[in-house]
Every structure is written in structure tokens, then in C-alpha cells.
Amino acid sequence: MNEQKKIEILQNLIKIKTVNDNEAQAADYLASLFEPYTAVKIERLTYAPGRDNLIVTIGESGPLLGFSGHMDVVAPGDPAAWDSDPFEPVIRQQRLYGRGAADMKSGLAALVAAMLELLESNRSLPGRIRLLATVGEETGEYGAAQLTKAGYADNLAGLLIAEPTSNLNNLIYTARGVIDYKITSIGKTAHAARPQFGINAIDNLMLFYQQIKPRLADLTKTDPVLGGITHNITKIAGGEQVNSIPSYAELMGNIRTIPAYPNQIFYDRIAGLVAELNQQPDVKLAVEYSFPEEAIPGDPASPIIKCAQRVYQQLLGKKIKVTGSSGANDGAEFLQAKGSFNSIEIGPGSDSSHQSNEYVELPTYLQAIEFYEKFALAFLQEQH
């Protein structure tokens, strides 16, 4: 496959508007690239109308390496903040611009191109490679959760996630977990001039707001790579109008966890505080969570890390930094599958994820394709 074809795959993928939806169209396109080959198994798993996960497996038998990439992107934001249409990719000075160019359609396209090149070579693989192209990573990893529950990640020998890692310069083996939660407060509306006839939902919500951070203050352990936990209240809303006692209020919080503290610790602390506050007269609070993910502990000395380091050194002539990630990814779900395996995260995207004028360096994108191809062959051979 020539360089222009590799770039066209990325361009075509960016043109498909998969803003938290419509991944089925991207799955259609990617599946069409594999359809000419007979030694390929192409499967779909529908999450919702217009939202299909795609599973593509190549190779006949032997150890199974997972390739993971998500098809959804975040919204582009204000179009005026972009120098060009975010869904019409353009190339300027060896950079390709467009929504998803960094996070993570360049990584996904590179995985696909690497698999296609292996198919074109007609060589016998020392194992199998399975592409897990998911929906909904940006809003909760629920595509990965669905694929895991269906068994598509069972008994992997290893997993490579092509999320952006500073232009392919970092090799990630551990990652923070995430807990997004919402607290709702139910009150009773009344005229603001007669508050005694109502129940102020905002006042009751503030009881939780004031006490939750002290409730977590003793969780002070730090990870040598990831640091400590973080907890922020990121959204508050409530009330009907200025002259009415509010009957409803809510807040949302975001916790980034580390392996030292399983998510259950936070669930117990939050639920305990809610239960205590609900013992007070007229307080009615409830909590719900949005697709929480456990932290990924990883192992910096695992075979998959060692193999990636060797291949990277051979290909690029330098050592790669082995480190951790402050963001969650689909690996947190896939690692819940049957069997025991480790994951790595390495991808070509820049640090412009979720920003206007998002871009990927094209030389880095092309390097990623070669790295994925050589890594897959080396890792499967070692696991054979």
C-alpha cells in the first residue's frame, strides 16, 4: 500500500461525522476495506441504531493480539475557532487537520492500514490479530463494555490501544480510572416570599457539596507514575425561577482514581454521605454513576512492553519513554475479559485532542503504521 492510500484512509475516516454517534457509517467504511480479502472475519455488534461496533479478525490460529480504537469523536465546538472545516481534512506543512485527527482516527486508521498491509503481503501470520473498533469511548467506553461482555476480548495474548501518546513518543502501561457521578436533590417548590411552605433543593444539595471533599481527604496515597487522585465538582444546576423555592437541583463530580484505590472505596464513601444526609428532615438526595472505569495498574516489565520497546528501538533508533496516562480508555473495559493479559497504549496523535485545529503529523502517522505491523509480527511470534 502506498503512502497516499494510507493517508486517504485517514482522510475518509475523518470525513465521516461520528460526533458521539453515527459510528455505523465509519464501521461500513472500514469493513469495506477488508471485504476484498477472503482470510478475514468481519463482524458487527450493534449498540443502538446507527451505532455499530466493528470486529475484524485476521489470521488462522494461534495467539490473539487485540488492536483497539474508537470511532467516535467529540464535538468540534465553535466553527469559527477552526482554520478549516473540521470534517474536511486538509494538509498543511505535513500536518493533517480535522476533528479526530489526533483522538483517535489517526490511530484507528493506522491499525487498519497495518492489518491491510499484512493481508496484502500474503504472509502466514504466527497468530491472529483482532481489530476492536468501538462506539462511545468519549462518553463512557460503553462500546468496549459491550464487546467485552460478548466475549470478543476473551483470552487475548495482549492488547494495543492506539490512543494518541504525544506523537508516538510515549508507551503507556498504566492509566487512571474515572468516576463520573451525579447527585440529585428533590425539594418542594413554594413562593420565595413564603419559604416555610417549600423545601429548598439547592440548600440540601449544598450539604453534600460542602462535605464530600472532606470525606475523601484521607485518600492521600500517590502513584509513582500517575500521582494522586483528583476530585472536582464540575457542574451544578437547579431551580425553576428566581422567585420560587427550588424543587430540584443537581451536581456532577469527576474523580480520577489510581490503582491503590479501587472504585468501590469511592462508591462507599459517596453512598455513606448520601445516606447520612438523608436522615435529616426534608433531605432527599440520590446518586447515580455514568460508566465508571477502574484504574489500570499495568506492569512495566510485561512481555508486551518489552516487545514494544525492542520494536520501537529497531524502527526509530531511539528508546521510548514508558509511562502512564491521566485519562481513561477502552482498555479499562477490555481488561475485564476472561484470561490474563496486559495492554499498552501508543498512538500517532498530537496533544491537540479535543481542541480546535486538531491535527496529526503525517510522518508520525506513517511511522505508526509500520510500528503496528512490525510489533504485531514480533509479539505474536514471541507468544506462539
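The values are calculated or read from the model by the stated rules, or taken from the named source; none is laboratory data. All figures in this text were calculated on a predicted structure; none of them were measured in a lab. For neighbour counting, all protein chains shown are included, and Cβ atoms are generated from backbone atoms with ideal geometry for every residue, glycine included. All accessible areas refer to the heavy atoms of the entire protein, side chains included, with ligands and DNA or RNA removed. Shrake-Rupley method; radii C 1.70, N 1.55, O 1.52, S 1.80 Å.
Would you say residue 260 is more than 18 Å from the chain's Cα centre (by Cα) and closer than 17 Å to residue 177 by Cβ?
When the stated conditions are applied, residue 260 passes them.
Can you pull out the residues in region 363-384 that are open to solvent by 10 Å² or more (accessible area, probe 1.4 Å) and either touching a strand residue (DSSP E or B) at 6+ places or on another chain (Cβ under 8 Å) or free of Cβ contacts under 8 Å to residues at least 40 places away in the same chain (or both)?
Residue satisfying the conditions is 383 alone.
What's the number of the condition residue 323 fails, among (1) open to solvent by 30 Å² or more (accessible area, probe 1.4 Å); (2) within 22 Å of the chain's Cα centre (by Cα); (3) under 19 Å from residue 165 (Cβ atoms)?
Here residue 323 clears every test but (1).
Answer yes if at least one residue in region 244-257 is more than 26 Å from residue 204 (Cα to Cα), surrounded by fewer than 19 Cβ atoms within 10 Å (Cβ to Cβ) and not hydroxyl-bearing (Ser, Thr, Tyr), and no otherwise.
No, region 244-257 contains no residue that is more than 26 Å from residue 204 (Cα to Cα), surrounded by fewer than 19 Cβ atoms within 10 Å (Cβ to Cβ) and not hydroxyl-bearing (Ser, Thr, Tyr).
Just to confirm my filter: which strands (runs of 3 or more DSSP E) fall fully inside region 1-117 and include at least 3 residues that are open to solvent by 50 Å² or more (accessible area, probe 1.4 Å) and of a type outside the set (S, T, N, Q)?
Where strands (runs of 3 or more DSSP E) fall fully within region 1-117 and carry at least 3 residues being open to solvent by 50 Å² or more (accessible area, probe 1.4 Å) and of a type outside the set (S, T, N, Q), they are 40-48.
Quick one: how many residues across region 137-191 are of a type in the set (Ser, Thr, Tyr) and open to solvent by less than 10 Å² (accessible area, probe 1.4 Å)?
4
Going by the conditions given, is residue 249 assigned to a helix (DSSP H, G or I) and more than 25 Å from the chain's Cα centre (by Cα)?
So residue 249 fails the test.
Any residue in region 265-276 that is acidic (Asp, Glu) sitting within a Cβ distance under 9 Å of a residue that is assigned to a helix (DSSP H, G or I) and at pLDDT 95 or above? List the pairs, counting only those 6 or more apart or interchain.
276/211
Out of the residues in region 289-322 meeting the condition of being in a loop (DSSP other than H, G, I, E, B) and acidic (Asp, Glu), tell me which one is farthest from residue 369 (Cα to Cα).
294
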